[in-house]
1. Do we have any residue at all in segment 53-64 that's open to solvent by 100 Å² or more (accessible area, probe 1.4 Å) and more than 24 Å from R94 (Cβ to Cβ)?
2. Within the set of pairs 6+ apart or on separate chains, which have a first residue in segment 66-87 that is of a type in the set (S, T, Y), a second that is open to solvent by less than 10 Å² (accessible area, probe 1.4 Å) and not in a loop (DSSP other than H, G, I, E, B), and C-beta atoms under 8 Å apart?
3. Being open to solvent by less than 50 Å² (accessible area, probe 1.4 Å), closer than 28 Å to W135 by Cα and touching a residue at least 40 places away in the same chain (Cβ under 8 Å) is true for just one of A32, A50. Which residue is that?
4. Of everything in segment 73-103 that's among the polar types (S, T, N, Q) and surrounded by fewer than 20 Cβ atoms within 10 Å (Cβ to Cβ), which residue is farthest from R52 (Cα to Cα)?
5. Is segment 7-19 home to any residue that is part of a helix (DSSP H, G or I) and not small (G, A, S)?
6. Give the residues of segment 132-171 that are over 21 Å from the mean Cα position of the chain (by Cα) and open to solvent by 70 Å² or more (accessible area, probe 1.4 Å), sorted by residue number.
Amino acid sequence: LRSCPELHILATSRQPMHVSGEHILAVPPLPAPPVDAKGSPSSLLQQHAALRLFVDRAGSVQPEFTIDESNQVAVSEICRRLDGIPLAIELAARRLRALSVNQLQARLDDRYELLTGGNPAALPRQQTLRALIEWSFDLCSAAQQLLWARLSVFGEGFDLDAAESVCSPSAPPARIRR
């Protein structure tokens, strides 16, 4: 890098590489519409990257797919229930080969069973949502896994006080389940 000062490398990783000059950009989940979102399908698409990704991937299995008045609530709910996670959204959109948007939304209660059968050319950890979560969990130390288990009681996020209440040494022990 010193001999090529104009060289820029864009790399994605779960961990910093600890290279001199490294800039880290955390990529959060894609924004999905809130439950009470109002607006036309086109305005919701402009505002929410999760919807745009869903429509793009749905179009690869149903070329005529669009968000319209009849399905915008279901598509918004799918993206919201999948927490804006790109892999989960992509896996869900692939299900439109066999399910309608409303059927897909209704079956999201067990997303680990529904969101399987990803791209067979992808790495195994990128083929199912369960495989991705297990791979991420296995990368963690025992202490990080315990922290993850304790924080998993929060479904909609948490603040520092809430995290401290379940993660402090005086908190009841957490059981790690797979």
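The values are calculated or read from the model by the stated rules, or taken from the named source; none is laboratory data. What you see is a predicted model; the values in this text were computed from it and never measured. No Cβ is skipped: glycine too gets one built from the backbone with ideal geometry, and neighbour counts run over all protein chains shown. For accessibility, only protein heavy atoms count, side chains too; no ligands or nucleic acids. Shrake-Rupley method; radii C 1.70, N 1.55, O 1.52, S 1.80 Å.
1. At the first step, the residues of segment 53-64 found to be open to solvent by 100 Å² or more (accessible area, probe 1.4 Å) are 63-64.
From the residues that got through so far, the ones that are more than 24 Å from R94 (Cβ to Cβ) too are none.
No: zero hits.
2. Filtered contacts from segment 66-87: S76/L44; S76/L51.
3. Numbers: A50 fails: touching a residue at least 40 places away in the same chain (Cβ under 8 Å).
Sole residue among the options that is open to solvent by less than 50 Å² (accessible area, probe 1.4 Å), closer than 28 Å to W135 by Cα and touching a residue at least 40 places away in the same chain (Cβ under 8 Å): A32.
4. So the first thing to find is which residues in segment 73-103 are among the polar types (S, T, N, Q), and the list is 76, 100, 102-103.
Applying the additional criterion that residues be surrounded by fewer than 20 Cβ atoms within 10 Å (Cβ to Cβ) yields 100, 102-103.
Numbers: S100: 18, N102: 18, Q103: 20 Å.
Among those residues, the one meeting the criterion is Q103.
5. From segment 7-19, those part of a helix (DSSP H, G or I) are none; that's our starting set.
Within segment 7-19 (the criterion being part of a helix (DSSP H, G or I) and not small (G, A, S)), the answer is no, since none of the residues qualifies.
6. If the condition is that a residue be over 21 Å from the mean Cα position of the chain (by Cα) and open to solvent by 70 Å² or more (accessible area, probe 1.4 Å), then A142, A143, L160, D161, E164, S165, P169, S170 are the ones that fit.
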